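To start, the structure itself, in C-alpha cells.
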Amino acid sequence: MAGIYIHIPFCVSKCRYCDFVSFPCETEAKKRYVDALIHEMAIAAKELPEKQYDTVFIGGGTPSTLELGEIMRIMAALHDNFSIAEDAEITIEANPGTLDVWKLAEYRECGINRLSMGLQSVNPHILKALGRIHTPDDFLKSMDMAKAAGFTNINADLMYGLPEQSTEDLLAAIAVAAGAGVTHISAYSLIVEENTPLYFDINGGSVLLPGEDETFEMYEKSKEMLESLGFHRYEISNYAKEGYESRHNLNYWNNGEYVGLGLNSHSAMHIGGKWLRWANKSEFEEYLADTDEGKRPLADEPQTIERAEEMFECVMLGLRKTAGITNGEFEARFGESLFTTFSKAIAQLDENGLLIKTADGIRLNDRGLDIENLALMPFMED
Amino acid sequence: MAYDRELIRNFCIIAHIDHGKSTLADRMIEMTDTVALRDMEAQLLDNMDIERERGITIKSSAVRMFYTHTDGKRYMFNLIDTPGHVDFNYEVSRSLAACEGAVLVVDATQGIEAQTLANVYLALDNSLEIVPVINKIDLPSADVEHTKKEIEDVIGLPAENAPCISAKTGLNVEQVLAAVVDTVPPPSGDINKPLKALIFDSVYDNYKGALSYVRVVDGVVKPGMKIRYMATGNEFEVTEVGIFSPTLMPIDALEAGEVGYISASIKNVRETKVGDTITDANAPADEPLPGYKQANPMVFCGIYPADGADYENLRDALDKLVLNDASLSYEPETSMALGFGFRCGFLGLLHMEIIQERLEREFDLDLVTTAPSVIYKVVKTNGEEVMIDNPTNLPPVTEIAYMEEPMVRATIMSPSEYVGTIMELCQDKRGVFEDMKYIEEGRVNIFYELPLNEIIYDFFDQLKSRSRGYASFDYELKEYAKSDLVKLDFLLNGDMCDALSTIVHKDKAYAKGRAVAEKLQEVIPRQQFEIPIQAAIGGKIIARETVRAVRKDVLAKCYGGDITRKKKLLEKQKEGKKRMRQIGTVSLPSEAFMSVLKIN
C-alpha cells in the first residue's frame with residue numbers, strides 16, 4: 001500500500017487560521033507551477049524505487065482553483081510517470097464556490113473518484129470570521145453539481161471550537177452535510193497556529209474562542225450525532241459511512257509509504273533497507289528553479305528514521321484509528337512483538353484505563369482517544 | 001625594610017548601597033597611580049560579575065596605595081573594601097577592626113540611610129576615626145548643605161569641612177586623600193611583641209590555597225615562620241606573605257600596622273576563619289584579639305538540581321563555592337518530592353540569593369529551591385531541646401511542648417509620610433512596635449521587634465514598594481521568643497509533598513494554606529486525572545482546591561503526511577514532563593515550589 005500526495009498551493013484568499021504554504025491565484029503563476037510539478041514527477045519517478053500506488057490525493061491550498069485543463073495535465077503526467085492501481089482512490093480537495101460543472105466533469109474524466117469539500121461551518125458569521133469566501137448555499141450547489149457529475153464518495157471537512165461557535169452551529173453543519181449526501185466527515189478542532197491572522201485576532205481580543213468545556217461538549221455531541229447518522233468513527237477526527245473510509249489517510253495512520261509532490265510536500269518510504277522521510281522546499285521560486293534544473297526540490301537530505309523511532313511512529317499514528325494497531329502488522333514490519341517492545345507502556349495505559357486489548361492488538365478507548373497525546377507519553381519513555 | 005609606621009594609614013570606606021563606595025575606591029586607585037590606567041576598569045575591587053552587576057560588594061578585598069601629601073611625605077594607604085549588607089555584618093565588623101579610620105560616603109541626593117547608620121555605629125564600636133565625605137555633588141538634585149546638617153544632627157560628626165566630591169567625575173577626590181592623612185591616625189602596635197594578626201577575610205586561590213587577609217597588629221610575619229590560628233589551634237608554616245597592589249604581590253615580611261595576605265598551604269578557607277588571630281607558634285601571644293565569633297547561617301533552604309542527573313554537578317559547584325565562602329553551609333538531604341539535593345545555610349537572604357545566582361550562572365545549573373526557613377527551637381515534652389532548620393524534621397505535634405523563633409530588632413528609616421503604611425506592614429508581619437524617633441523634620445527612624453521568619457520572604461520588597469523606594473531597612477538579631485507556630489503541609493492527590501511544607505504562625509496558617517493551595521491550583525497543569533490539593537495542619541485539612549483533569553488534547557492533524565508537527569508537539573510535551581517532579585501520580589512544575597514563597 002502506497003500513496004501519492006500532490007500539493008496545489010493556490011487559494012482565492014487565505015483563511016485566517018491557515019499557516020500552510022499558499023499563494024493567491026494568478027494564471028501565470030499557476031501555469032509555471034503546474035509545469036514544474038510535471039517536471040518533478042519525471043525526476044522523482046526516475047530516482048525512486050518502482051512501485052504501484054493505490055491512492056492519490058490532490059490537496060492544498062485549493063486544488064479546485066486551478067484553471068480548467070490543468071488537473072487533466074497533472075493526472076496525465078502522473079500516469080505517465082507512476083504506476084497507479086486500476087482501483088486507486090483518487091481524491092481532490094475543493095472549496096465550495098470554486099467548483100463548476102466543467103471542472104467537475106474534468107475531474108471525473110481523468111479518473112478522480114473522491115471529492116473532499118472544505119465546508120467548515122454553515123454559520124455565515126463564523127465563515128466570515130475565518131476568512132472563508134463561500135456561503136452555506138455555495139456548498140449545497142457544489143454538492144448538487146458533484147453528484148450530477150457522478151461523484152458518490154464525498155467528504156466534508158468540518159471544524160469545531162471556532163470563534164463564536166455554539167454546539168448547535170456544529171450540529172447544524174453536520175445535518176447540512178449529511179443531508180446533502182456526503183459519505184465521509186472529518187471534524188477537526190481548530191488549532192490556532194502562531195502568527196496567523198486569527199492568532200492576532202484572538203490575542204488582540206477581537207475574536208473570542210469557546211472555552212474548553214464548550215469545545216468538549218461540541219466534540220462529544222458531534223460524535224453522538226455522527227454515529228446516529230450512520231457515520232462511524234474510524235479515526236479520532238474522521239467518520240465514514242461503511243466502506244467509505246479514506247484509504248489515503250488510512251495509509252498515513254498505518255505509517256505507510258507515500259510520495260509527496262509539489263511545494264512543501266512530505267514523503268516517507270523504505271529505501272535501501274532504511275525508513276526515510278523527506279520534505280520538499282517551501283519557497284516557490286526555489287522549487288521552480290530546482291525542478292527546472294532537473295533536481296529533486298528537497299528541503300533537506302532525506303532523514304533516516306531509526307528503528308525505535310519508526311516503531312513509535314507506528315504507535316503514534318496507529319492509535320489514532322479506533323481499530324488501533326495489530327500485533328500481526330507490527331510483527332510483520334519489525335519482526336518482534338508489539339507486546340514485548342511496549343510492554344511497560346501498554347501496562348501503564350491499561351492501569352490508567354485508557355486502553356482496550358483487541359483480539360490481536362491494542363486500541364485506545366474513548367477516554368484514551370480524547371487525550372491521545374498524554375496516552376502516547378509512556379510509549380516515548382520505553 | 002620596614003615602612004615608617006607614622007606614614008601608614010589603614011582605612012575602609014562605608015556607605016549605603018549605591019552611594020558611591022566602589023566608585024570612590026576606583027578614583028583613589030587611579031589618582032595614586034596604583035594601577036596603570038589601561039588596566040583600570042570600573043569597580044576594580046568588585047571582581048565578581050555578580051558584584052559589578054548588582055553594584056554590591058560580597059567579598060572583602062584590599063589595596064595598597066601610595067599617596068604624596070601636601071607635606072611632601074609619601075604615605076602608604078591600605079584601603080579595605082568591605083561588603084555593606086547586613087547579611088555580612090560580622091565580616092564588615094572585622095574589616096573595620098583592621099582599620100584606624102573609615103571614610104563615610106553619603107549621597108548628597110539621598111542623605112543618610114539605614115545602612116549608613118548601621119555601618120557608622122559599627123565603625124564607632126571599633127573606635128575608628130571617621131572622615132565624612134559628601135558624594136554625587138555633580139547631580140542636580142544634590143543638596144550639600146542639607147546632607148551636611150544631617151551628618152551633624154543624626155550622627156553627631158562635624159561635617160563643615162567634609163570634602164564635597166563627585167566620585168564619578170573625580171572632582172575633589174584629592175581632598176579625601178588629604179583628609180585620610182590628617183584625620184586617620186597611624187597604626188599603633190609593637191613590632192617587638194609576639195605576632196598578632198587579625199584575619200578580616202579569607203580567600204581561596206587556585207595556586208596558593210586558602211589565603212588569610214590580615215592586619216598585623218603586633219609583631220612581624222614572614223615566610224618560614226610557624227604560625228598558629230588561635231581559635232582553631234591549627235598550625236601551619238608560612239610560605240608567602242604579600243600585599244595587594246591590588247593583585248597579590250609577595251614581599252619579605254608584614255610588620256605591625258601593615259595590611260596584607262598570608263599564604264601557608266592551607267587547603268580550606270574554613271581553617272582560616274574571619275576574626276581569628278594568627279600568632280607565632282613558637283612565641284605565641286597571651287590572648288587573641290577580641291571580637292572573634294563563629295559566623296552561623298541564619299537562613300536555610302533546600303537546593304535541588306532541576307534535573308536529577310545534575311546532582312553530582314551541584315555537589316561539585318557547592319564544593320567550589322564553599323572554598324571561598326566559609327559562611328555557606330550545606331549537607332545532603334533527600335526530599336520525597338525533589339529527590340537528592342542539599343540543605344544549605346546562609347547568613348541571610350541576600351547571601352542566599354547570591355549563592356543561588358552564582359550556582360546557576362557560574363556553574364550553569366538549573367535549580368529548584370524550597371522556601372527559606374529560619375532555625376526554630378523546639379522544646380519537647382520530655383524536656384529535650386532541638387533546633388530545626390527544615391520543616392520536614394519537626395517532631396510530631398504530640399511531642400512538642402512549645403516552640404521558639406528567632407527575633408530581630410529592625411530599624412526602618414523613612415520619610416514620615418510613609419510611617420502609616422510601614423507600621424501597617426510591620427504589624428502584618430507580627431511586629432511589635434518599640435520606638436519611633438524623628439531624625440529631622442520629615443524623616444523618622446522606626447524600631448520594631450519582628451520575627452526573622454517574617455522578614456525573610458518579601459519584607460524588603462514590600463517596604464520598598466510601600467515607600468516608593470524611600471525607606472531603608474536594617475536589622476540585628478535578638479534572642480529567641482516563644483511563639484505559637486504550626487507546620488503547614490500540602491497534599492497532592494492525597495500524597496504529602498514534603499518540599500512544600502513550611503512553618504508558620506498559627507494565626508496566619510489558614511490564610512496562607514488557602515492562598516498557597518489556590519496558587520498551586522494555578523501553576524499545576526491539568527493532567528490525566530483530577531488532582532485534589534489540600535492544605536493541612538497536623539492532619540486537619542484546612543483548604544482544598546482541585547486541578548481538573550484534561551478533557552481533550554489539542555490534536556495536530558497530520559496533514560498531507562506531515563508528521564513533524566505532531567512529533568514536535570509530543571517532544572515538547574515530553575520535555576515539559578521531564579522538567580516536572582513526580583509526587584505520586586502528580587507532575588509538579590518547578591515554580592510550584594516557589595509558590596509557597598510568593599504568597600502574602
Between A:164, A:214, which is at negative phi and not small (Gly, Ala, Ser)? A:214
Do you know which residues across the stretch B:482-500 are open to solvent by 30 Å² or more (accessible area, probe 1.4 Å) and either assigned to a loop (DSSP other than H, G, I, E, B) or under 28 Å from residue B:296 (Cα atoms) (or both)? B:482, B:484, B:487, B:493, B:494
Go through the stretch A:210-222 and report how many residues are under 11 Å from residue A:174 (Cβ atoms) and within 11 Å of chain B (Cβ to nearest Cβ). 1
Members of the stretch B:578-595 that are within 13 Å of chain A (Cβ to nearest Cβ) and crowded, with 17+ Cβ neighbours inside 10 Å: B:580, B:587
Tally time: how many residues in the stretch B:187-207 are surrounded by fewer than 19 Cβ atoms within 10 Å (Cβ to Cβ), under 31 Å from the mean Cα position of the chain (by Cα) and either modelled with pLDDT of 90 or more or in a strand (DSSP E or B) (or both)? 1
For residue B:487, are the conditions met, namely being in contact with a helix residue (DSSP H, G or I) (Cβ under 7 Å, 6 or more places away or on another chain) and within 14 Å of chain A (Cβ to nearest Cβ)? no
Which fully enclosed strands (runs of 3 or more DSSP E) of the stretch A:249-300 have 2 or more residues being free of Cβ contacts under 8 Å to residues at least 60 places away in the same chain? A:266-271, A:274-279
Residue among B:515, B:535, B:511 that alone is small (Gly, Ala, Ser), under 30 Å from residue A:213 (Cα atoms) and open to solvent by 10 Å² or more (accessible area, probe 1.4 Å): B:515
Of all residues in the stretch A:232-248 being in a loop (DSSP other than H, G, I, E, B) and away from chain B (no Cβ under 14 Å), the one that is surrounded by the fewest Cβ atoms within 10 Å (Cβ to Cβ): A:243
Name the residue, out of A:299, A:279, that is open to solvent by 10 Å² or more (accessible area, probe 1.4 Å) and farther than 30 Å from residue A:187 by Cβ. A:299
Residues satisfying the stated conditions in the stretch B:531-572, i.e. within 39 Å of the chain's Cα centre (by Cα), modelled with pLDDT under 90 and either within 7 Å of chain A (Cβ to nearest Cβ) or part of a strand (DSSP E or B) (or both): none
From the list B:552, B:566, B:574, which residue is open to solvent by less than 20 Å² (accessible area, probe 1.4 Å), among the basic types (Lys, Arg) and closer than 30 Å to residue A:250 by Cβ? B:566
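Matching residues to (1) exposed (fewer than 15 other Cβ atoms within 10 Å of the Cβ); (2) modelled with pLDDT of 90 or more; (3) of a type in the set (S, T, N, Q):
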| residue | (1), (2), (3) |
| --- | --- |
| A:177 | no, yes, no |
| A:185 | no, yes, no |
| A:197 | no, yes, no |
| A:210 | no, yes, no |
| A:215 | no, yes, yes |
| A:224 | yes, yes, no |
Within the stretch B:269-310, which residues are hydrophobic (A, V, I, L, M, F, W, C) and closer than 15 Å to residue B:344 by Cβ? B:295, B:298, B:299, B:300, B:301, B:303
Check off (1) open to solvent by 30 Å² or more (accessible area, probe 1.4 Å); (2) on the phi > 0 side of the Ramachandran plot for residue B:275 and give me the number that stays unchecked. (1)
Here is a list: B:252, B:218, B:276. Which entry is in contact with a Gly (Cβ under 7 Å, 6 or more places away or on another chain) and of a type outside the set (A, V, I, L, M)? B:218
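Filter the stretch B:268-284 down to residues that are part of a loop (DSSP other than H, G, I, E, B) and under 24 Å from the mean Cα position of the chain (by Cα), then give me how many there are.
Residues flagged as part of a loop (DSSP other than H, G, I, E, B) and under 24 Å from the mean Cα position of the chain (by Cα) within the stretch B:268-284 amount to 6.
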Among the strands (runs of 3 or more DSSP E) contained in the stretch B:285-393, which hold 3 or more residues that are in contact with a Leu (Cβ under 8 Å, 6 or more places away or on another chain), closer than 18 Å to residue B:498 by Cβ and at pLDDT 90 or above? B:299-305, B:339-346
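Residue-by-condition table, conditions (1) open to solvent by less than 20 Å² (accessible area, probe 1.4 Å); (2) out of contact with any helix residue (DSSP H, G or I) (no Cβ under 9 Å at 6 or more places or on another chain); (3) within 14 Å of another protein chain (Cβ to nearest Cβ):
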{"residue": "A:17", "(1), (2), (3)": "no, no, yes"}
{"residue": "A:23", "(1), (2), (3)": "no, no, no"}
{"residue": "A:27", "(1), (2), (3)": "no, yes, no"}
{"residue": "A:35", "(1), (2), (3)": "no, no, no"}
{"residue": "A:40", "(1), (2), (3)": "yes, no, no"}
Of these, B:87, B:49, which one is modelled with pLDDT of 60 or more, farther than 21 Å from residue B:261 by Cα and buried (at least 16 other Cβ atoms within 10 Å of the Cβ)? B:87
Let me confirm something: among B:180, B:103, which residue is open to solvent by less than 10 Å² (accessible area, probe 1.4 Å) and within 30 Å of residue B:297 (Cα to Cα)? B:103
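Per-residue answers, yes or no, for (1) within 11 Å of chain B (Cβ to nearest Cβ); (2) surrounded by 21 or more Cβ atoms within 10 Å (Cβ to Cβ); (3) within 27 Å of residue B:578 (Cα to Cα); (4) of a type in the set (A, V, I, L, M):
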{"position": "A:285", "(1), (2), (3), (4)": "no, no, no, no"}
{"position": "A:303", "(1), (2), (3), (4)": "yes, no, yes, no"}
{"position": "A:309", "(1), (2), (3), (4)": "yes, no, yes, no"}
{"position": "A:325", "(1), (2), (3), (4)": "no, yes, no, yes"}
{"position": "A:357", "(1), (2), (3), (4)": "no, no, no, no"}
{"position": "A:368", "(1), (2), (3), (4)": "yes, yes, yes, no"}
{"position": "A:372", "(1), (2), (3), (4)": "yes, no, yes, no"}
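The values are calculated or read from the model by the stated rules, or taken from the named source; none is laboratory data. No experiment lies behind these values; they were computed from the predicted model shown. Heads up, the Cβs are rebuilt from the backbone with ideal geometry, glycines too, and the neighbour counts pull from every protein chain shown. Side chains are part of the model used for accessible areas, which takes the heavy atoms of the whole protein and leaves out ligands, DNA and RNA. Shrake-Rupley method; radii C 1.70, N 1.55, O 1.52, S 1.80 Å.
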